[in-house]
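Student: Have a look at this one.
The values are calculated or read from the model by the stated rules, or taken from the named source; none is laboratory data. All figures in this text were calculated on a predicted structure; none of them were measured in a lab. A quick note on method: Cβ atoms are made from the backbone with ideal geometry, for glycine too, and the neighbour counts reach across all protein chains shown. Heads up: the accessible areas ignore ligands, DNA and RNA and are worked out on the full protein's heavy atoms, side chains in. Shrake-Rupley method; radii C 1.70, N 1.55, O 1.52, S 1.80 Å.
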Amino acid sequence: MTATEERSQGIIPLSFSQRGLWFLNQLYPSDTSYHVRLVWRFSGDLDEFALQQALCDVVLRHESLRTVLPETDGVPEQRVMSLADLGPLLVCVRTSDEKANEAEEVFATRGFDLRTDIPLRGEVLRVDPGRGLLVLVVHHVAFDGWSEAIFCRDLSRAYTARAGGVAPHWPELPVQYADYALWQHELLGDERDPDSLVARQLCYWRDRLGGLPQESGLAADQRTRATGPIRTRSFRVDADTHRGMARQAQRTGATMFMVVHAALAAAITTLGGATDLPLGTVVSGRSDEALNELVGYFTNTVVLRTDTSGNPTFTELLGRVREVDLGAFANQDAPFEKVVAAVNPRRRRVGSPLIQVLFRVEEQAKPTLDMGPVHFEYQERANTAAKFDIEVVLEEEFADDGEPRGLAGTIEYRSDAFEAARMDALAEELVRSLMAIAADPDSRIDAS
């Protein structure tokens, strides 16, 4: 049966990324690690009815936001709901300033049952006629980082149209998430077929990750919980270092991501002494431009096994990192869950297999709503649950003329696994390594 025939008959498998989150949702239904919370403080005459209509418009446009994942004979599948079968997408509550934060927390931390709940819900907490909070909660199963800008843009357009008494007009999307899931299964093929794409890529990963250490090189405390309370350590990289990092990336044919990768590896080796490092990152998974305007969960996790042995210079380490990253990205289609099964590592009692430390590099951007006379100010909210032991994020900041202005860094970590002093040391060592790459790339990593 072809993908088109499967779609027409309503047989829609989960994408591989969805499948992993679905199983986690069944195991830990109250876990909020994969809740994406978007909160804005608004002022002005917000039209709640127009906002409700606008949410319906966006959910109608992006099928992933109205998809439930029931199971038949133990096998989950996608089922796209019609708008007529959905309840209200937005609830409006009158509250006070004193009670608004508590009400937001209760709303945001309520679990999703992906078998029966669509992955989106919204709430307006109005503290007086012209002021309040808009809270949207999306499960990660239908939403990745790229989706934020798409969702906010479409919601803004839809609200502006509905507040003016008309429906939004936008070009039809060329594909929906269900089409992507069917295409992904066709593209990867059967891993039992040695000529299939997934079989070839799994062969690469088995060879690449054989004997991979199960720890990051940063000694963790004994843990007793599957997911620990999360803490955040913030830090900054100055503009001069940012510019120097860009110069070294250009000089060596690397990317900013590779520069950060090399610096993080050097910092971990300096702190813990390990030289065979199982680092990880996420890739966007949007390999076709038809997916660029689509809300959904496309990301995949890849392992970047990094060798820092022999006390290399930063330039030498950057060369090693470049080779590792290019190899990993060339084999990024193999779903992480299948890579784990193929490598079959010794299972850690808690935490993600293969990876303790995950890192990302991205341009700084806050989810922005533009709804005419109503002003929205995005409210940062710290994560309350951790997906990895340590997650390092660096956001590039640029001036209006495109000049580097520095990087804003955060380290999110499980406080039941690492002491705050250890993460302070990691942040400081990472900044020192980045400064060394920028200013003196021929120095050795132990002199950072």
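Student: Scan segment 37-60 residue by residue and report those that are open to solvent by 30 Å² or more (accessible area, probe 1.4 Å) and either touching a residue at least 60 places away in the same chain (Cβ under 8 Å) or more than 30 Å from T72 (Cβ to Cβ) (or both).
Tutor: If the condition is that a residue be open to solvent by 30 Å² or more (accessible area, probe 1.4 Å) and either touching a residue at least 60 places away in the same chain (Cβ under 8 Å) or more than 30 Å from T72 (Cβ to Cβ) (or both), then R37, R41, S43, D45, D47, E48, F49, Q52, Q53 are the ones that fit.
Student: Another question about this same structure. Those residues that are open to solvent by 50 Å² or more (accessible area, probe 1.4 Å) and in a loop (DSSP other than H, G, I, E, B), I need them from segment 88-108; list them, please.
Tutor: Within segment 88-108, P88 is the sole residue that qualifies.
Student: For segment 301-323, name all the residues that are open to solvent by 20 Å² or more (accessible area, probe 1.4 Å) and in contact (Cβ under 8 Å) with a residue 60 or more places away in the chain.
Tutor: Selection gives R305, N311, T315, G319, R322.
Student: Go through (1) over 30 Å from E48 (Cβ atoms); (2) crowded, with 18+ Cβ neighbours inside 10 Å; (3) not acidic (D, E) for M371 and report which single condition fails.
Tutor: Failing condition for M371: (1).
Student: Also, quick follow-up: Somewhere in segment 284-300, is a residue part of a strand (DSSP E or B), farther than 22 Å from I445 by Cα and among the hydroxyl-bearing types (S, T, Y)?
Tutor: no
Residue by residue, here is whether (1) assigned to a strand (DSSP E or B); (2) open to solvent by less than 10 Å² (accessible area, probe 1.4 Å) holds:
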| site | (1), (2) |
| --- | --- |
| R233 | yes, no |
| R236 | yes, no |
| D240 | no, no |
| R243 | no, no |
| Q248 | no, no |
| V259 | no, yes |
| A262 | no, yes |
| A265 | no, yes |
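Student: Kindly evaluate M435 against the criterion of being open to solvent by 70 Å² or more (accessible area, probe 1.4 Å) and either at pLDDT 95 or above or over 30 Å from L24 (Cα atoms) (or both).
Tutor: Yes; evaluated as a whole, the condition is true for this residue.
Student: If I ask for residues that are open to solvent by less than 10 Å² (accessible area, probe 1.4 Å) and either outside any helix (DSSP H, G or I) or more than 19 Å from E123 (Cβ to Cβ) (or both), which ones from segment 155-177 would you list?
Tutor: Y177
Student: So, in segment 8-28, of the ones that are surrounded by fewer than 19 Cβ atoms within 10 Å (Cβ to Cβ) and in a loop (DSSP other than H, G, I, E, B), which residue ends up modelled with the highest pLDDT?
Tutor: Y28
Student: Hey, any hits in segment 193-201 for a residue that's in a helix (DSSP H, G or I), open to solvent by 50 Å² or more (accessible area, probe 1.4 Å) and out of contact with any Phe, Trp or Tyr (no Cβ under 6 Å at 6 or more places or on another chain)?
Tutor: yes
Student: So which of F376, F359 ends up being surrounded by 14 or more Cβ atoms within 10 Å (Cβ to Cβ), at pLDDT 95 or above and in contact with a Phe, Trp or Tyr (Cβ under 8 Å, 6 or more places away or on another chain)?
Tutor: Unique residue meeting the criteria: F376.
Student: Can I ask one more? What about A142, is it within 20 Å of S43 (Cα to Cα), touching a residue at least 60 places away in the same chain (Cβ under 8 Å), in contact with a Pro (Cβ under 8 Å, 6 or more places away or on another chain) and open to solvent by less than 10 Å² (accessible area, probe 1.4 Å)?
Tutor: no
Student: Here is a further query. Looking at the structure I just gave you, is F112 modelled with pLDDT of 95 or more, at negative phi, open to solvent by less than 30 Å² (accessible area, probe 1.4 Å) and in a helix (DSSP H, G or I)?
Tutor: It is false that F112 is modelled with pLDDT of 95 or more, at negative phi, open to solvent by less than 30 Å² (accessible area, probe 1.4 Å) and in a helix (DSSP H, G or I).
Student: To continue, here is another question. Confirm whether W183 is more than 27 Å from R305 (Cα to Cα), assigned to a loop (DSSP other than H, G, I, E, B) and open to solvent by 40 Å² or more (accessible area, probe 1.4 Å).
Tutor: So W183 does not fit the description; no.
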